[in-house]
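S.K.: Handing you a structure now.
The values are calculated or read from the model by the stated rules, or taken from the named source; none is laboratory data. Quick caveat: nothing in here was measured; it's all calculated off a predicted structure. Don't worry about glycine lacking a Cβ; one is built from the backbone with ideal geometry, like all the others, and counts go over all protein chains shown.
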Amino acid sequence: MMKPWGYSGQAMGGPADTHVMPMGDEAIAEAVRLVLAGEPVAVPTETVYGLAADATNPKAVARIYAAKGRPAFNPLIVHVADLAGAERVGRFNDQARSLAEKHWPGPLTLVVPLRDGSGIASIVTAGLPTIALRVPAHPVMQSLLRACGRPLAAPSANASGLISPTRASHVLASLGGRIPLVIDGGATQRGIESTIVAATDGGLRLLRRGPIEVKASEVANPTAIEAPGQLVSHYAPTKPLRLDATAAEDSEYLIGFGPVAGDVSLSEQGDPVEAAARLFDLLHQADAAPNPRIAIAPVPGGGIAAAIRDRLKRAAAPRK
Ligand code: TXA
Ligand code: MG
């Protein structure tokens with residue numbers, strides 16, 4: 001079978017003006033040049049590919065929203081090189097600081113009060129008095145942050161409402177022709193977006209499940225929808241998706257897991273970490289298959305398996 005996701009922008013039918021560069025010094029230098037000129041660039045992180053722009057430049061950030069077609073009320077995650085950089089723009093209480101020290105650099109985003117005079121463009125936070133901050137572990141994003149010397153706003157590098165990209169080819173398929181550069185760092189290691197925890201007043205609230213499991217005793221579940229990304233329909237493939245399937249029906253493309261074989265498998269061994277890393281890639285493949293419908297096997301368990309089910313529930317919700 002031909003691989004549904006090819007390599008170059010042109011081979012993908014994408015326009016020639018989105019350049020794909022393999023990760024390395026040359027790609028970083030080009031990305032720095034573009035970011036400082038106010039352009040958004042797609043870069044790998046350990047979770048998913050992000051579309052990064054200078055968080056202090058409102059025009060640059062507006063180009064992220066424009067490229068993604070993202071509703072302007074949805075605030076963006078700001079990436080910084082280290083905790084010191086995070087403390088320059090956000091206010092950390094003891095609980096937030098200890099989570100940051102434990103998990104950064106890594107796939108944890110902390111929502112904290114925005115510091116006065118932070119220099120962050122208000123379009124980034126969509127006018128909220130809080131800011132979502134993350135110190136990514138991926139060497140490409142780390143190098144870019146250090147070389148640019150400023151915070152970078154970066155949502156997932158996909159058109160709004162679609163599946164997050166875990167490969168450069170996914171970025172091209174979604175945003176080809178709308179952004180100048182994609183740095184290709186291969187498949188991302190974690191495969192799903194960061195865990196989001198709010199530390200805005202007393203206590204911690206889990207806003208989005210993700211690769212980092214925060215103990216229930218540490219975190220109360222939110223009572224209201226706080227992160228706009230928690231809206232029910234999100235991360236959606238373009239075809240109908242049926243959950244908890246043990247066999248394909250009605251010419252469905254079946255994504256298996258463990259004992260459920262399927263056309264492809266999230267993890268034949270039933271390993272939820274492997275499943276998370278492959279999840280969006282296989283949803284993209286299923287979307288590109290000739291079958292009109294997608295079905296996916298149950299992914300039981302807590303922790304990252306629950307984070308996977310959370311994404312699948314959203315992916316299966318009817319589109320508004
Ligand atoms: O792994 C990730 O987090 C990736 C990579 C690129 O870092 N980024 C990512 O960003 O998933 P995005 O923009 O697709 O998701 C950001 C989420 C959204 O659900 C948004 O509503 C929420 O973070 N968010 C951002 N700022 C917030 C704030 N001040 N309060 C509450 N939620 C916020
Ligand atoms: Mg996203």
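S.K.: Does S118 count as surrounded by fewer than 21 Cβ atoms within 10 Å (Cβ to Cβ), of a type in the set (S, T, Y), more than 18 Å from A198 (Cα to Cα) and without any contact (Cβ under 8 Å) to a residue 40 or more places away in the chain?
M.R.: yes
S.K.: Does the stretch 302-310 contain any residue that is touching a residue at least 12 places away in the same chain (Cβ under 8 Å) and closer than 23 Å to S169 by Cα?
M.R.: Yes, the conditions are met somewhere in the stretch 302-310.
S.K.: Can you tell me which residues in the stretch 27-43 are more than 13 Å from A154 (Cα to Cα) and not in a helix (DSSP H, G or I)?
M.R.: The answer is A37, G38.
S.K.: Please enumerate the residues belonging to the stretch 183-203 that are more than 16 Å from ligand 2 (Cβ to nearest atom) and buried (at least 24 other Cβ atoms within 10 Å of the Cβ).
M.R.: I183, V197, A199
S.K.: Oh, and also: Can you confirm whether the stretch 70-80 contains a residue that is closer than 15 Å to I196 by Cβ, in a loop (DSSP other than H, G, I, E, B) and more than 16 Å from ligand 2 (Cβ to nearest atom)?
M.R.: The answer is no, given that none of the residues of the stretch 70-80 is closer than 15 Å to I196 by Cβ, in a loop (DSSP other than H, G, I, E, B) and more than 16 Å from ligand 2 (Cβ to nearest atom).
S.K.: Let me ask something else about it. Among (1) over 17 Å from P237 (Cα atoms); (2) in contact with a His (Cβ under 9 Å, 6 or more places away or on another chain), there is one condition H284 misses while meeting the rest; what is its number?
M.R.: Among (1) over 17 Å from P237 (Cα atoms); (2) in contact with a His (Cβ under 9 Å, 6 or more places away or on another chain), H284 violates only (1).
S.K.: Being surrounded by 23 or more Cβ atoms within 10 Å (Cβ to Cβ), within 12 Å of ligand 1 (Cβ to nearest atom) and within 12 Å of V89 (Cβ to Cβ) is the requirement here; does A132 meet it?
M.R.: Here the answer is yes, as A132 does meet what is asked.
S.K.: Another question about this same structure. Among the residues of the stretch 171-178, is there at least one that is touching a Phe, Trp or Tyr at 6+ places or on another chain (Cβ under 9 Å) and more than 16 Å from ligand 2 (Cβ to nearest atom)?
M.R.: Scanning the stretch 171-178 turns up at least one residue that is touching a Phe, Trp or Tyr at 6+ places or on another chain (Cβ under 9 Å) and more than 16 Å from ligand 2 (Cβ to nearest atom).
S.K.: Looking for whichever is of a type outside the set (V, I, T) and at pLDDT 95 or above here; the options are G191, G185. Which one fits?
M.R.: Result of the check over G191, G185: G185.
S.K.: Which ones in the stretch 290-320 are part of a loop (DSSP other than H, G, I, E, B), among the aliphatic types (A, V, I, L, M) and touching a Lys or Arg at 6+ places or on another chain (Cβ under 9 Å)?
M.R.: The answer is V299, and nothing else.
S.K.: Taking the stretch 127-156, which residues are over 17 Å from A198 (Cα atoms) and within 16 Å of ligand 2 (Cβ to nearest atom)?
M.R.: P136, M141, L152, A153, A154, P155, S156
S.K.: While we're on this one: Would you please name the residue that is surrounded by the fewest Cβ atoms within 10 Å (Cβ to Cβ), looking only at residues in the stretch 135-154 that are part of a loop (DSSP other than H, G, I, E, B) and away from ligand 1 (no atom under 14 Å from the Cβ)?
M.R.: Only one residue tops the list, namely G149.
S.K.: Related question: Name the one entry in V124, V214 that is within 16 Å of ligand 2 (Cβ to nearest atom), modelled with pLDDT under 95 and either farther than 21 Å from D287 by Cα or in a loop (DSSP other than H, G, I, E, B) (or both).
M.R.: After applying the criteria, what remains is V124.
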